[in-house]
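Contents: one structure, followed by commentary.
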Amino acid sequence: MMVSRRTVIAAGAAASLASGLVAAQRTGSNAARFSLKFAPHEGSFASRGGRIEQIAFAADQGFTAWEDNEASLRTVAEQEQMAKALSQRGMTMGVFVASMPKWAQSRPLLGADDGAEREAFLANIRASIDVAKRLNANRMTVVTGFMDPRLPVDIQTARVIDVMRRAGDIVAPHNIAMVMEPLNTRTNHPGVYMQTIAQGFAVARGVNSPAVKILADLYHEQIQSGNLIPTLDTCWSEIGYIQFGDNPGRKEPTTGEINFANIVKWLRSRQYSGVIGMEHGNSIAGRAGEDRLIAAYHEIDRAGGEQG
């Protein structure tokens, strides 16, 4: 069954790639556009050149969005160059990380007694506003730090709510929303504070601001809790961004256990018009893997009831 499916996908990839390239050459515009705003990132199409060349290639394949976690670490010139490339191709900018955690040090501790790290976090949020404006981005990712094992979780939650409320007050006047990302502790990020979409919902409701929402990364949620569609349904009012990645392996849809076609169908039923970040690697190296990536997204787009 697995071999047969991959053979079909590979064949579909070749057809999709050929038709997309021919149409792009003929019209100079996006070809075979996806019905949802799936957003590749630098590395999704590494064989096609640098960041700007990858954006152009993605647009030619019908992708209408892009995301770049590390955009805030790039020079102003690089940010402006990327924004120009996206604008020229009519592509929407997705998230970047507004405040990068110190992963090796398990910091910051936003719920700890010492408030210095909360102030540093807020300084990062202020600095990220200019980045968002350069990129024409209205969403930026926030990781709410790590657990302090010495303190009750409820106390830490109260402090995280407080600092996120202050951060929301900073970004709200600029029509930007921070999206808090729950991360799994079973495979990738032991010790993080926010571990599930439900926990993010509690914090977002406590903050009660349109500037503070949840980033629903379905790879992390599948590992930590599963029950994806009911969780999305319950927490939908506070979800501000979606990311895809299959499990196990964190590769493209159709490589693991998540039924992304059903997820796509459900998102359409909710009339979701935001960006869907392709927050995963490619299951196959090189151009063959890039072709498979494109084919996989066409597969779930069609199976989910592609709209013309």
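Computed from the coordinates by the stated procedures, all read-outs in this text should not be read as laboratory data. Since we're looking at a predicted model, the values are computed, not measured. Here the Cβ is made from the backbone with ideal geometry for all residues, glycine too, and neighbour counts use every protein chain on show.
Of LEU215, ASN184, GLY62, which is farthest along the charge dipole of the range 2-303 in the positive direction, counting Lys and Arg as +1 and Asp and Glu as -1 at C-beta?
GLY62
Would you mind telling me which residue in SER269, SER99, SER237 has the biggest mean-square fluctuation in a Gaussian network model of the chain, where springs connect alpha carbons within a distance under 10 angstrom?
Looking only at SER269, SER99, SER237, the biggest GNM fluctuation is shown by SER269.
Using a simple spin-label model with points 7 Å from Cα along the Cα→Cβ vector, what separation in nm is obtained for ARG186 and ASP114?
3.4
Any chance you could run the full-extension gain for GLU53 through ASN124? It's 0.36 nm times the residue separation minus the Cα-Cα distance, nm to one decimal.
Difference between extended and current length: 22.6 nm.
Run the count for the range 2-303, please: Lys pairs, Cα-Cα under 22 angstrom, 8 or more apart or on different chains. Could you put the intermediate results ahead of the total?
Numbers: LYS37/LYS84; LYS37/LYS133; LYS37/LYS213; LYS37/LYS251; LYS37/LYS265; LYS84/LYS133; LYS133/LYS213; LYS251/LYS265.
Pairs that pass both the separation and distance tests number 8.
With only alpha-carbon pairs counted, each pair once and no self-pairs, how large is the Kirkwood hydrodynamic radius of the range 221-308 in angstroms?
Taking the inverse mean of 1/r over all distinct Cα pairs, the range 221-308 comes out at 13.6 Å.
Rg and Dmax of the range 35-183 over Cα atoms: what are they, in angstrom?
17.0, 52
When a/c is below 1.5 the answer is rounded, else prolate if a/b is larger than b/c, else oblate, so apply that to the range 63-119 with a ≥ b ≥ c taken from the square roots of the Cα gyration tensor eigenvalues.
prolate
Starting from the amide H of VAL97, placed 1.01 Å from N in the peptide plane, find each other amide H under 5 Å away whose residue is 5 or more places distant or on another chain.
Under 5 Å from the amide H of VAL97: GLU70, ALA71, SER72, THR141.
In square nanometres and to one decimal, what's the mean projected area of the convex hull around the Cα atoms of the range 141-214?
Mean orientational projected area (the range 141-214, Cα hull): 4.6 nm².
Place a +1 charge on the Cβ of each Lys and Arg in the range 244-294 and a -1 charge on the Cβ of each Asp and Glu, then give the dipole magnitude about the Cα centre in debye, rounded to the nearest 20.
Dipole of the range 244-294, to the nearest 20 debye: 180 debye.
Once phi is turned into θ = phi - 60°, what whole-Hz ³J(HN,Hα) does the Karplus curve with 6.51, -1.76 and 1.60 give for every residue of the range 186-193, x standing for Gly and Pro?
For the range 186-193, the Karplus curve yields 7, 10, 10, 9, x, x, 6, 6 Hz.
Among LEU228, LEU183, LEU218, which one moves the most in a GNM of the chain with springs linking Cα atoms closer than 10 Å?
The residue that fluctuates most here is LEU228.
Whole angstrom only: what separates the Cα centroid of the range 221-252 from the Cα centroid of the range 127-164?
The two parts, judged by their Cα centres, are 19 Å apart.
Let a ≥ b ≥ c be the square roots of the eigenvalues of the Cα gyration tensor of the range 114-247; is it rounded (a/c under 1.5), or, if not, prolate (a/b larger than b/c) or oblate? Numbers along the way, then the final one.
Values: a/c = 1.64, a/b = 1.18, b/c = 1.39.
Cα axes put the range 114-247 in the oblate bin.
Where does the chain land at 222 nm, in deg cm²/dmol rounded to the nearest 500, when only DSSP H runs of n ≥ 4 count, each adding -39500 (n - 2.57), divided by all residues?
After summing the helix terms and dividing by residue count, I get -15000 deg cm²/dmol.
Taking only Cα atoms and a 10 Å spring cutoff, compute GNM fluctuations for the chain and point out the largest among ASP154, ASP162, ASP68.
Evaluated over the chain, the most mobile residue of the options is ASP154.
So how do GLU252, GLU80, GLU290, GLU238 line up by other beta-carbon neighbours within 10 Å, fewest first?
GLU80, GLU238, GLU290, GLU252
For a label point 7 angstrom out from the Cα of TRP236 toward its Cβ, which stretches of the range 35-55 have the backbone nitrogen within less than 18 Å?
36-37
Would you please calculate the Kirkwood hydrodynamic radius of the range 97-175 over all C-alpha pairs and express it in Å, rounded to one decimal?
13.1
When only alpha-carbon atoms count, how far does the chain stretch along each of its three principal axes, as whole angstroms with the largest first?
Here the spans come out as 59, 45, 35 Å, largest first.
Report, in debye and to the nearest 20, how large the dipole of the range 196-308 comes out about its Cα centre when Lys and Arg carry +1 and Asp and Glu carry -1 on their Cβ. Before the final figure, lay out the partial values.
Numbers: 10 positive and 13 negative charges, 40 e Å.
Computed charge dipole of the range 196-308: roughly 180 debye.
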